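Visitor: Got a structure here, written out as structure tokens. Questions coming.
The values are calculated or read from the model by the stated rules, or taken from the named source; none is laboratory data. Worth saying up front: this structure is predicted, and the values here are computed from it rather than measured. Here the Cβ is made from the backbone with ideal geometry for all residues, glycine too, and neighbour counts use every protein chain on show. Protein only, heavy atoms only, side chains kept; ligands, DNA and RNA dropped before computing areas. Shrake-Rupley method; radii C 1.70, N 1.55, O 1.52, S 1.80 Å.
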Amino acid sequence: MSENSSISRVALKKITPDVSAAMGSLHAAAVTAAQDAKLEPELLELIRIRASQINGCAFCLDLHTRDARGQGETEQRLHTLAAWRETPFFTERERAALALTEAVTLVHDGRVPDAVYAEAAEVFDENQIAALIWAATVINAYNRIAISTRMVPKS
């Protein structure tokens with residue numbers, strides 16, 4: 001449930017430009033790690049969207065669903081991503097990445113279970129798992145920034 005507020009929120013990039021730049025560098029390093037590990041850009045967008053759904057980040061959902069569509073993602077898969085376990089639309093690799101993303105995003109619910117990690121290890125090598133964890137970590141950080149500062153999607 002959203003909370004409407006007339007309180008002006010801090011402009012992080014303006015107030016803390018060095019920290020904002022460091023966050024941008026972390027994001028760039030995570031993207032490079034994913035590219036070096038040969039992870040598909042489409043898979044990374046699914047990760048970003050799923051974490052943003054869980055966190056309720058409208059700004060990131062808008063941004064990453066547009067990016068995913070631009071990469072050829074289908075409306076059907078985007079519309080059913082929140083219920084990916086109940087659909088036949090996602091591959092074994094995507095399912096393992098989504099399960100790992102959910103575990104990282106909901107780490108307070110019992111950490112990252114061994115079964116989830118083992119499932120990911122069956123279809124991804126260590127470099128890919130590391131890149132997936134970084135991708136999930138970065139989008140979770142961006143979700144928290146966007147939600148805390150009440151960033152809104154572009155209209």
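Visitor: How much of Arg144 can a 1.4 Å solvent probe reach, expressed as accessible area in Å² and rounded to 10?
Guide: 120
Visitor: Can you give the net charge of the other residues whose Cβ lies under 14 Å from the Cβ of Lys38, counting K and R as +1 and D and E as -1? Intermediate results must be reported in sequence, preceding the final value.
Guide: On the way: positive: Arg93; negative: Asp36, Glu40, Glu42, Asp125, Glu126.
After counting each charged neighbour, the total is -4.
Visitor: Taking the Cα centre of each part, how many Å lie between region 48-70 and region 75-107?
Guide: Cα centroid of region 48-70 versus Cα centroid of region 75-107: 13 Å apart.
Visitor: While we're on this one: Can you tell me how much longer the chain between Ser8 and Ala83 gets when fully stretched, taken as 0.36 nm per residue apart minus their C-alpha distance, in nm with one decimal?
Guide: Details: separation 75, 0.36 × 75 = 27.00 nm, distance 3.50 nm.
Length gained between Ser8 and Ala83: 23.5 nm.
Visitor: Which one of Val152, Val138, Ala33 has its Cα pushed farthest toward the positive end of the charge dipole of the chain, where Lys and Arg give +1 and Asp and Glu give -1 at the Cβ?
Guide: Result: Val152, furthest along the dipole toward the positive end.
Visitor: While we're here: Find, among the trypsin sites (Lys or Arg not before Pro) in region 20-77, those assigned to loop by DSSP (not H, G, I, E, B) with at most 14 other beta-carbon atoms within 10 angstrom.
Guide: Those satisfying the criteria are Lys38.
Visitor: Report the relative contact order of the chain, percent, no decimals, based on alpha-carbon pairs under 8 angstrom and at least 6 residues apart.
Guide: On the way: 144 pairs, mean separation 53.1, N = 155.
This gives 34 percent for the chain.
Visitor: Nearest 10 degrees, 0 to 90: what angle lies between the long axis of helix 41-55 and the longest principal axis of the chain (Cα atoms)?
Guide: Result, in degrees: 60.
Visitor: Please list Thr91, Thr80 in order of solvent-accessible area, largest first, computed with a 1.4 Å probe with all protein chains present.
Guide: Details: Thr91 75, Thr80 35 Å².
The most accessible residue leads, giving Thr91, Thr80.
Visitor: Separate question: Leaving out ligands, DNA and RNA but keeping every protein chain, what accessible area does His79 have, in Å² rounded to the nearest 10, with a 1.4 Å probe?
Guide: Taking all protein chains as shown, His79 has close to 140 Å².
Visitor: If the elastic network links every pair of Cα atoms under 10 Å, which of Asp67, Asp114, Asp125 fluctuates the most in the Gaussian network model of the chain?
Guide: Top of the fluctuation ranking is Asp114.
Visitor: Still on this structure, please answer the following. By a straight-distance test (C-alpha under 16 Å), which aspartates and glutamates pair with Lys154 as possible cross-link partners, with residues fewer than eight away in the same chain excluded?
Guide: Here the aspartates and glutamates satisfying the reach criterion relative to Lys154 are Asp62, Asp67.
Visitor: In addition: Ignoring ligands, DNA and RNA, what percent of the 1.4 Å accessible area of region 1-148 is carbon and sulfur?
Guide: On the way: 4800 of 8490 Å².
Accessible surface attributable to carbon and sulfur in region 1-148 totals 57 percent.
Visitor: Quick one: net charge of His108's neighbours, Cβ under 15 Å, K/R +1, D/E -1? Display every interim value, and only then the final one.
Guide: Details: positive: Arg111, Arg144; negative: Glu102, Asp109.
That works out to 0.
Visitor: Helix 126-148: angle to the longest alpha-carbon principal axis of the chain, degrees 0 to 90, nearest 10?
Guide: 30
Visitor: Using only the alpha carbons of the chain, what is the convex hull's orientation-averaged projected area in square nanometres? Mind showing how you got there, number by number?
Guide: Numbers: hull surface 40.8 nm².
Taking a quarter of the hull surface, the average projection is 10.2 nm².
Visitor: Same structure again: Which sequence of Ser148, Ser52, Ser8 reflects their accessible areas, 1.4 Å probe, from the largest down? Present the calculation step by step, with values, prior to reporting the outcome.
Guide: Numbers: Ser148 70, Ser52 0, Ser8 105 Å².
Correct descending sequence by accessible area is Ser8, Ser148, Ser52.
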